[in-house]
Amino acid sequence: MSYEENDNDPRQLPIFKKGQEILETVRLIGNLIPEDDEMLQDIKGHMLSDAALLTVKVAGAEAGDLYDIRMEAAAIIRKAARDLMVQNHSLDMHGFKEVRYYQLVRDLIEEYRLLFIDWVAGFDTNNYIVDQWGLFNPPGIGPFDENDE
């Protein structure tokens with residue numbers, strides 16, 4: 001069954017669509033970065049990587065479905081989004097002339113953050129495998145608890 005035939009297609013989620021919008025905006029701004037500026041090109045690479053994670057990790061979390069997998073993806077998404085929020089400082093510091101356009105990305109990330117809160121709130125805390133590292137367990141479950149099987 002393809003995604004198109006599946007009601008659980010992560011590409012239909014508002015958070016996924018907003019992530020795509022962020023990635024496209026980062027690409028457009030990145031296209032303004034001079035090809036011969038090695039430092040700005042490096043920053044652009046990081047920005048594109050972080051922006052791509054906003055959709056890739058949502059899709060992975062939806063496919064994985066288990067609470068710990070979803071929370072791990074959520075933590076990676078949060079880090080990528082927070083890194084994107086401050087990239088305008090790096091662009092500015094390294095002389096990017098069009099840094100003012102980056103406010104568009106920051107505004108989209110704020111919209112994404114609100115969708116993220118709702119998305120994470122919908123995670124099923126009853127569908128989990130105990131995270132023996134103790135980071136991504138549902139409330140009330142510890143790293144030494146047994147899996148119910």
**Report entry** Carbon and sulfur %, accessible surface of the chain computed with the full protein complex present, 1.4 Å
**Finding:** 52
Query raised in the report: Size of the dipole of region 51-122 about the Cα centre, Lys and Arg at +1 and Asp and Glu at -1 on the beta carbon, nothing else charged, in debye to 20?
Result: 240
Requested in this report: With only Lys, Arg, Asp and Glu charged, each at its Cβ (+1 for the first two, -1 for the last two), find how big the charge dipole of the chain is about the Cα centre; round to the nearest 20 debye.
Outcome: 680
Query - Protein-only accessible surface order, largest first, of SER49, SER90 at 1.4 Å - result: SER49, SER90
Report task. Return a single number: how many Lys pairs in the chain, at a sequence separation of 8 or more or on separate chains, have alpha-carbon atoms below 16 angstrom apart. Result -> 4
Report task. Match the structure shown to one of the listed values (i) 0.97; (ii) 1.06; (iii) 1.09 of Rg/Rh (Cα atoms, Kirkwood Rh), computed from it, and give that label. Result -> (ii)
Query raised in the report: Quick one: if the Förster radius is 22 Å, what FRET efficiency do ASP124 and ASN147 give, using the C-beta to C-beta distance and rounding to 0.05?
Result: 0.90
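The values are calculated or read from the model by the stated rules, or taken from the named source; none is laboratory data. For clarity, every value in this text was computed on a predicted model and none was experimentally measured. With ideal geometry, Cβ positions are generated from the backbone for all residues, glycine too; neighbour counts draw on all protein chains shown. Each accessible area value is taken on the protein alone, full model and side chains, heavy atoms only, with ligands, DNA and RNA left out. Shrake-Rupley method; radii C 1.70, N 1.55, O 1.52, S 1.80 Å.
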